[in-house]
Structure formats: structure tokens, C-alpha cells
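The structure appears right after this line, and notes come after that.
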Amino acid sequence: MAGSVVADEPAEDTGDVAQHSRSTGRFAITFDDGPDPESTLPVLDRLDDLGVAATFFCLGSMAVKYPDIVREIDARGHDIGVHGYDHMPHLLRSPRWVCHDVLRAKAEMESIGITVRWFRPPYGVISGTTLAVAKYSGMDIVLWSAWGREWTTADAGEVRDRITGRLGNGVIVLMHDADTASPAGTWRVAYDALPMVIQAASDHKLQPVTLSALLD
């Protein structure tokens, strides 16, 4: 349902808010803040090596600089969502600004040839306008239920432990494929943690899939 919210915690269905997936044996890995040629391409290669399909929430301001990388993400079989045009929290912006930012980002992706279904607001901050513009533009809002907080540590093992401590059926994992809104090196920690996360998931008989596969 366009405009619905896939939240980071289970909740009763109330109007346009939906709980996260109850999918059995599957979970989704998602990446924010790209694309960036220095980091997104290595992440894509690592996902290829691991045989994993993921979902990338791209910033419009980065997509306009690197449209070929957006197309590469799509060509390699990953889902693509919108993370806004600029990485700004919606509660600190006017309704007009929020609408313009979200619609501009979606239009940029469509100009590249990508049909966008998912929207993740920067920092996971949702306002009434966020909900309204998502519904208007035909996108579902997706947050997360496990994240590595890679910007807080250089230890990939710590990132793995944070994610795997909440890994389970239907979980949506948040990682970063670019340092656009994070300290330098954040993406590298996610890159290093990826094989460990996938191994832990395999040990628990969990398969990583795209959001489309998880939520449809």
C-alpha cells in the first residue's frame, strides 16, 4: 500500500502503518547514502562475491552525479529506493521543503530509468508531511530493525555483533555504502562486516533477499 510504513519494530496494523515482514527464513540487507564510485562499486563487488541481493537507498544529490552507478546497481539485480535528495531530517524542514526534496529525488531516479517503490527518510525521521508525500508519490516508507552503526567504530566484528544480535525472520538490516553523511571510512567498516553478517545468517538458516522479495 503506497504510503505505508514498514517500521523497525512490530506493531499492530493501524491505518497506513504496517509492521515489518513476517517472512520466514529470509531477511533484507539495505544500504544508505550512495551512490559513490569509491565505495558503492566495491560493495557491489563484495555482494556479487557473496551471492547476495540487497536494496540501495540512494540520495538524489548523489544519483545526479553518478547515474551510471545507479544503473549498475539495478543491472546487478538489486532493488533501489530513495533516501531523499539531500540528507536532511524532515522534522527540521518546512512541509514545502520536504515535498520538494522527496519528489525531486524520485524524479531524478526516474530520469535515470529506475522505477522507485521504496522511500527511507534521512535518519529515519518521519513527519506528517513525510507520510503524505510518500503516499502521494506512490512509495512505501521503509525503516529498519537491525543496524551496525558503522560510523561509531572501526571494528567490523562489533558491527557484525550489533546486527546479528537482532537478526531473525523478516528483519531489515541497515548498513552504509557511502560516507556522504558519515565520518570517513564508515563504508569500509560495513564492507568488512558484510561477509561475517552473511555467515552468521547462513548459520541461522536465514537467506538475504531484496525488499521486493521480503515484503511482497
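The values are calculated or read from the model by the stated rules, or taken from the named source; none is laboratory data. Just so you know, these numbers come straight off a predicted model, no measurement behind them. Every residue, glycine among them, receives a Cβ derived from its backbone with ideal geometry; neighbour counts consider all protein chains shown.
Here are the numbers for the structure shown:
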read-out: Residue that is nearest to the chain's Cα centre (by Cα), among those in the stretch 111-149 that are over 18 Å from Met62 (Cβ atoms) and of a type in the set (S, T, N, Q); value: Ser145
read-out: Residues that are touching a strand residue (DSSP E or B) at 6+ places or on another chain (Cβ under 8 Å) and at positive phi, drawn from the stretch 169-216; value: Gly170
read-out: Answer residue from the stretch 51-95, given it is touching an Asp or Glu at 6+ places or on another chain (Cβ under 6 Å) and small (Gly, Ala, Ser) and is nearest to Met175 (Cα to Cα) among those; value: Gly84
read-out: Sole residue being farther than 24 Å from Asp74 by Cβ and part of a loop (DSSP other than H, G, I, E, B), chosen from Leu131, Leu167; value: Leu167
read-out: From Gly77, Gly51, Gly113, residue being more than 25 Å from Ser202 (Cβ to Cβ), small (Gly, Ala, Ser) and surrounded by fewer than 17 Cβ atoms within 10 Å (Cβ to Cβ); value: Gly113
read-out: Set Val64, Val125, Val70: member being of a type in the set (Val, Ile, Thr), at pLDDT below 95 and in contact with a helix residue (DSSP H, G or I) (Cβ under 8 Å, 6 or more places away or on another chain); value: Val125
read-out: Flag if Val82 is among the aliphatic types (A, V, I, L, M) and within 15 Å of the chain's Cα centre (by Cα); value: yes
read-out: Of all residues making up the stretch 92-124, the number that are among the small types (Gly, Ala, Ser) and part of a helix (DSSP H, G or I); value: 4
read-out: The stretch 87-103, residues that are surrounded by fewer than 17 Cβ atoms within 10 Å (Cβ to Cβ) and either under 17 Å from Thr115 (Cα atoms) or not hydrophobic (A, V, I, L, M, F, W, C) (or both); value: Pro89, Ser94, Pro95, Arg96, His100, Leu103
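Per-residue answers, yes or no, for (1) under 17 Å from the mean Cα position of the chain (by Cα); (2) in contact (Cβ under 8 Å) with a residue 60 or more places away in the chain; (3) surrounded by 21 or more Cβ atoms within 10 Å (Cβ to Cβ):
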position	(1), (2), (3)
Gly157	no, no, no
Asn169	no, yes, no
Val189	yes, no, yes
Met196	no, no, no
Pro208	yes, yes, yes
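Conditions tested, residue by residue: (1) over 22 Å from Pro208 (Cβ atoms); (2) charged (D, E, K, R); (3) surrounded by fewer than 20 Cβ atoms within 10 Å (Cβ to Cβ).
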{"site": "Val125", "(1), (2), (3)": "yes, no, yes"}
{"site": "Leu131", "(1), (2), (3)": "yes, no, yes"}
{"site": "Ser137", "(1), (2), (3)": "yes, no, yes"}
{"site": "Leu143", "(1), (2), (3)": "no, no, yes"}
{"site": "Ala146", "(1), (2), (3)": "no, no, no"}
{"site": "Arg149", "(1), (2), (3)": "no, yes, yes"}
{"site": "Arg160", "(1), (2), (3)": "no, yes, no"}
{"site": "Val173", "(1), (2), (3)": "no, no, no"}
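Okay, residues lined up against (1) part of a loop (DSSP other than H, G, I, E, B); (2) of a type in the set (A, V, I, L, M, F, W, C); (3) farther than 22 Å from Pro37 by Cα:
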site: Ala181; (1), (2), (3): yes, yes, no
site: Tyr191; (1), (2), (3): no, no, no
site: Gln199; (1), (2), (3): no, no, yes
site: Ser202; (1), (2), (3): no, no, yes
